[in-house]
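Readers should treat all values here as calculations from the given coordinates under stated rules, not as data from a laboratory. Worth saying up front: this structure is predicted, and the values here are computed from it rather than measured. Please note: Cβ atoms are built from the backbone with ideal geometry, for glycine as well, and neighbour counts cover all protein chains shown.
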Amino acid sequence: MMWLIICLALAVATFFYVFYLPGRLFLGPEKTRAGYLRERKDAVYENLRDLNFEHKAGKVPDADYTSLKSSLQDEAATLLAEIARLETNPVPQKGTRS
Amino acid sequence: MAEIGSFALLLALALSVYTFVAGIVALAFQKQTPQPAPQSGSQITHRSGASASVNDSSLVALLRRGSERIGETARRAGIATFAAVFLAAVVLVLCAFRDDFSIAYIFHHSNRDLSGPYKFAVLWSGQEGSLLFWSLLLAAYGFVLRLRYKTDPRLFAYASVVLAGVQIFFLMLVNFAANPFGILEGPLRPDGSGLNPLLQYPEMVIHPPMLYLGYVGFTVPFAFALGALIMKYPGEKWIHITRRWTMVTWAFLTCGVFLGAHWAYSVLGWGGYWGWDPVENASLMPWLTGTAFLHSVMMQEKRGMLKMWNMWLVFATFWLAILGTFLTRSGIISSVHAFAQSSIGGWFAWFLALSFVVFVFFFFKNKSHLISEHKLESLMSRESSFLFNNLLFVLLCFTVLWGTWFPKISELVQGNKVTVGGPFYNRVAIPVALLLLILTAIGPLLAWRKTSLESLKRNFLWPTVGAIAVAIFLMLTPQKWGAPFGLKPWQDIAYFYSLMAIGLSVLVTLTVASEFYRGGRVISKHTGQNMFASMVQLTHRNTRRYGGYIVHFGVVVVIIGFAGSAFNQDKEMEMKSGDKLTIGAYTLVCRSSTEDDNPNYFSQWAILDVYKGGKQIDAMTPERRFYHASQQTSTMPFIRSTLNEDLYLVFEGVNQDNGRPILRAHLNPLVMWVWMGVWIILGGTILALVPNAPAPVRVPAPARLQQQAQPAPVATGD
């Protein structure tokens, strides 16, 4: 009989924990395209930092460094431009990106 | 007690089903009713449950709030699932310690005289218990995931639903197909049948948990990947979120695979640590694809490339982990390691098929979301080295998969079972491993996008010269120095492979060292610190990269250990007191043989004095045991390990005619390097998990970044 009481108590406690929701729910931000672009920008900046370091370490010759740096900077510039455009003229929120 | 365990399992199943269904309902409604734009100044939305509906009259907002609350209950049900499964596991362990032989599982896997740690290990020693343990670990991973949901609530909600789907399968198994709390029919037995003797070894208390943590853990990156695919998650942040999960899981799997190898070496008594057994292969396959994923995912993170490939790799890793569990349990392929066989194979086959269909459906539905943002610019680039590395890992995995299933395939096609052994696997695995070593040396020295010939020459010249010098040195030294000296590659193909493995290992070591040296030199120049302090700082600034290099170094040490197997020797002899056996530089003299009996087992062993160079250096006592409860025998080899070689003695048995012990001696060079390498790999992985120190080096954004006149479309994440 004891096991039945324990099981019942367990079920009640679980039900209470799952369905009793006092207070606030944390929902977090909806991810936007601008947010995504900022992440990409951070990745490109990190790539730039890595390239810079590898050049200083003597792993990347000057000619390679200049060309790689230039293409990464172009990529960063494109990202920054689109971020700026979205921040100036925000598009209506689409919610999910499906 | 059994009733409480059974109830806890049923409750866990109900909670998992609720997590899955309510999670889907909540996400479906949230998809239909987008979240309102966040108010300025705050990106985080908080809602009061009590006051929400008072001011907001729109149906959409109401549905949204309702779905948010349902989503929260789903999350909490997922958390409660862990508590319920944990309770079931605790009950089973308590039953083992209380010798409750009314429970069939305890009766079949324990006995009164079994020592405490093995009674604890009963939880994963048989079919039903190990499936419960699988469920427990999955629930534990889910518990942590659901507690950390604030990182990205929507992505975590999707991952939680996928995880709940997998959890339902395992909980259905333990509830309806392999219940660990099943009651033994007939009268209560005074004692149990005992634990399989092969499992009564200290490592078996930690090997299965490690392996299972690895197997189960790959469900988490898969859940995030599938969740991200279903919701068309913008960007690659899900990779960043799962990076640590993946590395921790990979470390557990690595640890599990090598603990299994060490257990096989120490217990099975055949003198080796890897026999290409199906169960060993089952653990290796997800490890191979998981390792490939750890590398290629960097390309997605850094360059937005290989998105589809990565999706397939993470799915394959998850799928192969389930396949491995299926292999060890279904009895479909025979193995010395398969401790649990039953009819649950059908359940696994259906689940494998279903998970494949679900993944393929969403993959093709949302394939457009996985378009690469960049193309491969040059064959001489870090990207291409990762690509080749991935192809080699996948080729190796396919070879292992083919060899493992070949007995079944040949049976279906030809009607007779053909088993493939070591030579089949080695023919592919050794050349592939050597090519992977070359890539391990080259990869870190190549730049992203492209690398010029000048750069290649600059980075490779000295490491290559060093590696060739070491190879020549090994060829010129006399063989009497012991393995691996005096390697003559023309004498045997095994020697050729060994020489290549060692030479390439030196190449990798030198490239890794040059990476630390070059980086340390830059820091030293800027800070004025000494070289060692600079290298420490360098590592702390990019723990993932430099931790990864240490992992590569660990792999090199393991490979050197593998290379030693080309020089293995063994001898068998029936020995009476005073008899001598010579192997390599060792002479073994049999002093005596004896017997002992204790409540758990009866044992016989021999005592041998070990001489080297005419001097006694040790005494060894290989043993053979007969376990009373299970009526099974097991060998306990005696292993004398040094950095150079292992002297491995096995008590094979006793000649029934004259009562003399039969002993087999193995001389296995460099085996200790394998275990040392694993410790280095684990150390490197732990280091890679440490957060980076902030980088003081700043790259100023050039003015032209701010002055882009015409915004051009960029690669999209969705």
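For the stretch B:628-669, the candidate set comprises residues that are assigned to a loop (DSSP other than H, G, I, E, B) and in contact with a Ser or Thr (Cβ under 7 Å, 6 or more places away or on another chain); within that set, the residue that is nearest to residue B:591 (Cα to Cα) is B:637. Listed conditions (1) within 25 Å of residue B:680 (Cα to Cα); (2) part of a helix (DSSP H, G or I) are all met by residue B:494, apart from (1).
Residues considered: B:400, B:420, B:394, B:470. Of these, the only one that is within 30 Å of residue B:373 (Cβ to Cβ) and of a type in the set (Val, Ile, Thr) is B:394.
Within the stretch A:41-61, at least one residue is over 18 Å from residue A:85 (Cα atoms), at the interface with chain B (Cβ under 7 Å from one of its Cβ atoms), hydrophobic (A, V, I, L, M, F, W, C) and within 15 Å of the chain's Cα centre (by Cα).
If you take the residues of the stretch B:56-94 that are among the β-branched types (Val, Ile, Thr), touching a Gly at 6+ places or on another chain (Cβ under 9 Å) and within 12 Å of chain A (Cβ to nearest Cβ), which of them is nearest to residue B:181 (Cα to Cα)? So the residue we want is B:91. Screening residue B:563 with (1) surrounded by 15 or more Cβ atoms within 10 Å (Cβ to Cβ); (2) not in a helix (DSSP H, G or I) gives one miss only, at (2).
Do you know which residues across the stretch B:367-423 are in a helix (DSSP H, G or I) and of a type in the set (Gly, Ala, Ser)?
Here is the first cut: in the stretch B:367-423, the residues in a helix (DSSP H, G or I) are B:367-370, B:382-414, B:422-423.
Once the filter is applied, which keeps residues that are in a helix (DSSP H, G or I) and of a type in the set (Gly, Ala, Ser), the stretch B:367-423 yields B:368, B:384, B:385, B:403, B:410, B:422.
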